[in-house]
Structures are given as structure tokens and as C-alpha cells.
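This is the structure I want to talk about, given as C-alpha cells.
Each value in this text was obtained by applying a stated rule to the coordinates, not by laboratory testing. What you see is a predicted model; the values in this text were computed from it and never measured. For neighbour counting, all protein chains shown are included, and Cβ atoms are generated from backbone atoms with ideal geometry for every residue, glycine included.
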Amino acid sequence: MVRSMIAFLITQFFRLVNATNPRIPGSSDLEEMKRGGEPFIAVAWHGQHLMAPFLMPSGVRFVAMFSKSKDAELNARVAERFGVEIVRGSGGRDRARGTVKGGARALLALKKALKEGKTAAMIADIPHGTPRESGIGVVLLAKLSGRPILPICYLTSKRKVLEKSWDKTTIPLPFGRSGLIIGDPIFVPEDADDAVLEAKRVELTNSLNANTVRVHDLVDGRV
């Protein structure tokens, strides 16, 4: 009951943020994501993903992966209130074997969703791992599904950064302006070996970091 009420209040807060932060000229167009009309894999960094439900083009159904950890439960409830379909993977504190199996099941569920025409939403960096460095999971999903990765970076001019959090979570605040940068699509060939997968992982990391700088420059008036 308490968690449901908290999820409701967070949902309403994010609706207010979205309604009172008009997009800055020079931002990417959400409709660009629908290039070709095929589903894709939308990817952001931890701590910069809170407005993800508002960063999908019209008419796109999407499914997001959340860990089974208690930390992720509230985030999943908020996402469900926005109509996001949830896939649960294993939390980072699970035993190693369970984590691998849970992660594999989640990737297969996301692959199935992509085949059904839905878009998949994932976080690139691993919870409580190295922030702003992509894990391999997103790249594996792109290989398995044949769908492109779209790096997404969003920022508001009024924000609160939780400096003590491992990922420097950025909480968007209302009554400002917002910027959105969508990176170039990243394709992973179906026959990619370990070396290619690693190269694509680095490419995704570099794209998200470069576009994070770009969106900060845009929102903070440095361009």
C-alpha cells in the first residue's frame, strides 16, 4: 500500500516535470526513432533514465528490463503506471549462477518482445558497477535480435544531482527547459564474435558519454 502510494506520487511528479520543461531548439526529434518503422533498443545511463516513459515516439509500445532486487521494485512500479511492460532479470546481489540464468531469461524475453514489434528499453551500465561504462547485455540483445541500439541522453535545466549515489542520479525538476540527444544507431552483426561484441560495447559507451556532454552543453547554454 505504501509503495503503491509512493509510486503514484512519483508518477505525478514526473508528469509535472514533463509538462513544464519544453524542449530546447536543437534537441533531437522523438519521431526520428521511428526511422524505418522497425522496433529498436532504447538505451540510457543509470541515473539519467528517470524520464524514459516520456522519451518514446507516439505509437511505440515498449518493454523495459528491471532487476529482481528490492532496489528496482519501486522503479518498476512507477514504469508500470506509465503503461510500460516489465521484464524482470536477476538483481546484482543474487548468487552468480542465478544472476546469469536470470539475465539470460530477461534477454530472451526482450528478444521476443522485439520480434513482436515492441521496442526494448535498457540501462547500459551495470547496477553498482562502473558508472558510465556499458555492460555487454545490451550488445548481446542487439546481436540476438538484429535490432539497432539507439543511445538516448536527456537533461533538464533545473535538476538535482545526488552526488553520493554510485551513478550520480540526476533528478529532473519542473519549470525549466529540457534537451534530448539521440545518438546514431548501433548495429551488431548476428555473427559477431567476442572481439566485435567488445568493440560495439565500447562504441556504445563512447556514444552515450559524448552525447551526455552534448546535451549538457545544449541545456546549459554552452552551444
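In terms of the ratio Rg/(2.2 N^0.38 Å) built on C-alpha atoms, what value belongs to the stretch 144-223?
1.34
Continuing with this model, one more query. Kindly identify the stretch 1-69 as rounded, prolate or oblate by the Cα gyration tensor criterion: order the square roots of the eigenvalues as a ≥ b ≥ c, call it rounded if a/c is under 1.5, otherwise compare a/b with b/c, prolate if a/b is larger, else oblate.
oblate
Name the most mobile residue of Asp193, Asp167, Asp184, meaning the one with the largest mean-square fluctuation, in a Gaussian network model of the chain with Cα contacts below 10 Å.
Comparing Asp193, Asp167, Asp184 in the GNM, the peak value goes to Asp193.
Using a basic spin-label model with each label point 7 Å from the Cα along Cα→Cβ, how many nm lie between Arg61 and Met1?
3.5
Next question. Ordered by packing density, taken as the mean number of other Cβ atoms within 10 Å over each peptide's residues, highest first, how do 207-215, 13-21 rank?
In decreasing order of mean packing, 207-215, 13-21 become 207-215, 13-21.
Here is a further query. Classify the stretch 112-152 from the C-alpha gyration tensor, please: rounded if a/c falls under 1.5, else prolate or oblate depending on whether a/b exceeds b/c.
It comes out prolate by the Cα gyration axes.
If you don't mind, there's one more thing I want to ask. Select from Gly83, Gly183, Gly59 the residue whose mean-square fluctuation is largest in a Gaussian network model of the chain (Cα-Cα springs shorter than 10 Å).
Greatest mean-square fluctuation among the candidates belongs to Gly59.
Still on this structure, please answer the following. Rounded to the nearest 500, what is the 222 nm mean residue ellipticity of the chain from helices alone, with -39500 (n - 2.57) per DSSP H run of 4+ residues and division by all residues?
Roughly -13000 deg cm²/dmol at 222 nm, from the helical runs in the chain.
Shifting gears a bit: Run down the lysines and flag those whose C-alpha is under 28 Å from the C-alpha of Lys158, throwing out any fewer than 8 positions away in its chain.
Lys168
In nm, what is the difference between 0.36 nm times the number of residues separating Glu85 and Ala195 and their Cα-Cα distance?
36.3 nm
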